[in-house]
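All of the numbers you see were taken from the coordinates with simple rules; none came from a lab. What you see is a predicted model, and the numbers here were worked out from it, not measured in a lab. Using ideal geometry, Cβ is built from the backbone for each residue, glycine included, and neighbour counts are taken over all protein chains shown.
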């Protein structure tokens, strides 16, 4: 099963969003796109050309954009707000909480340039707290797809999902390896490989690195149950529990702070249902800095080698 997972090409996940929102708009005439002066970065050029009357340029006024989006839902529209992940969350958290989450508005908050792989723009733009912030909001779904194809499928799917959604994706070209024709289901984990020795749960860019790690671990005789948690909330608890009951230990891998993200969601389920050894691959309570995506992933411990080492440690702890 692992050997069947291969790189089809390398594409930006934000490009998957750009294609996905066009397809979602073709299917649903109520889909509208809003941006805070970042149409090019969010790959909205085709949408703007095909649906000029369904595009709103809000300018550098992210808080206002959230308020406009919330208002549009009252008329039955399905608004997709677009800007960088830092500006989609930290800058407008009050507006999201009050106007979207508290009111249960059907707004899709679409956030590019998330995590360390934003790269050279540095710590002020590299939001690493957003998953935790957004998953704490009642009723807010949090979706973190792993590659171009899955981001496209997720974008199409959330247009039909009723309720607020935070969709997180990235800036750089990244291995694209999931099926082009996949069906994306919010809240349903994707099992990439079945194993018996350790469960590895990953999201976003870290999924491909977890695939690479699983292949290395297989060569070392360690069988990996590899699960792509593309939806952190609502979490597929049944899939998580089934996996860790089978393997007895966990590694979580995410491009996010160690606090509040995927790892804590998995740990919460495990602590209630079947406590097992758990190792985290995440940013260890620090801000980022300027550098290339590869340099930053290396420095902050988010690599294939770090996942392998964490898995070996987790396995050793259960013996």
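State, as an integer percentage, the relative contact order of the chain based on alpha-carbon contacts under 8 Å between residues 6 or more apart. All intermediate terms of the calculation are to be shown ahead of the outcome.
Working: 749 pairs, mean separation 59.4, N = 319.
After rounding, I find 19 percent.
Once each part is reduced to its C-alpha centroid, what is the distance from region 63-128 to region 262-283 in angstrom?
27 Å
Could you sort the peptides 11-22, 29-40, 67-78 by per-residue average Cβ neighbour count (10 Å cutoff), highest mean leading?
Numbers: 11-22: 24.0, 29-40: 19.8, 67-78: 17.2.
So the peptides 11-22, 29-40, 67-78, ranked by packing, come out 11-22, 29-40, 67-78.
As a test, work out the antiparallel percent of DSSP beta bridges whose residues both lie in region 190-317, rounded to the nearest 5. Before the final figure, lay out the partial values.
Values: 3 of 17 bridges.
About 20 percent, rounded to the nearest 5.
Between residue 295 and residue 98, what is the spin-label point distance in nm, taking each point 7 Å from the Cα along the Cα→C-beta axis?
If labels sit at residue 295 and residue 98, their model points lie 4.1 nm apart.
At a 10 Å Cβ-Cβ cut-off, how would you order 84, 287, fewest neighbours first?
Working: 84 23, 287 12.
By the 10 Å Cβ count, ascending, the order reads 287, 84.
When DSSP beta bridges are limited to those with both residues in region 187-243, what percentage is antiparallel, rounded to the nearest 5?
40 percent
With a 10 Å radius around each residue's Cβ, average the other Cβ atoms per peptide and rank 264-273, 177-186, 240-249, highest first.
Working: 264-273: 17.2, 177-186: 15.4, 240-249: 18.9.
Descending mean neighbour count gives 240-249, 264-273, 177-186.
Rg/Rh for the chain to two decimals, with Rh computed the Kirkwood way over all alpha-carbon pairs. Can you show the working numbers first?
Working: Rg = 18.7 Å, Rh = 19.4 Å.
Here the Rg-to-Rh quotient is 0.96.
Tally the DSSP beta bridges in the chain and give the antiparallel ones as a percent, rounded to 5. Don't skip to the answer; put the middle values down first.
Values: 9 of 43 bridges.
For the chain, the DSSP antiparallel bridge percentage is about 20.
Compute the label zone of residue 313 within region 197-230: residues whose backbone N is under 16 Å from the point 7 Å along Cα-to-Cβ.
Answer for this model: 199-201.
Quote to one decimal, in nm, the extra length available between residue 37 and residue 305 on full extension: 0.36 nm per residue of separation minus the C-alpha distance between them. List each step's numbers first, then the result.
Values: separation 268, 0.36 × 268 = 96.48 nm, distance 3.82 nm.
Result: 92.7 nm gained on full extension.
Helix 304-317: angle to the longest alpha-carbon principal axis of the chain, degrees 0 to 90, nearest 10?
50 degrees
Once the Cβ-Cβ distance between residue 61 and residue 237 is put in as r, and R0 is 22 Å, what FRET efficiency do you end up with, to the nearest 0.05? Display every interim value, and only then the final one.
Working: r = 39 Å, r/R0 = 1.75.
About 0.05, to the nearest 0.05.
Against the longest alpha carbon principal axis of the chain, how many degrees, from 0 to 90 and to the nearest 10, is the axis of helix 237-247 turned?
20 degrees
Could you give the length gained by full extension between residue 10 and residue 218, i.e. 0.36 nm per residue of separation minus their alpha carbon distance, to one decimal place? Walk me through the intermediate numbers first.
Details: separation 208, 0.36 × 208 = 74.88 nm, distance 2.46 nm.
So the chain would gain 72.4 nm between residue 10 and residue 218.
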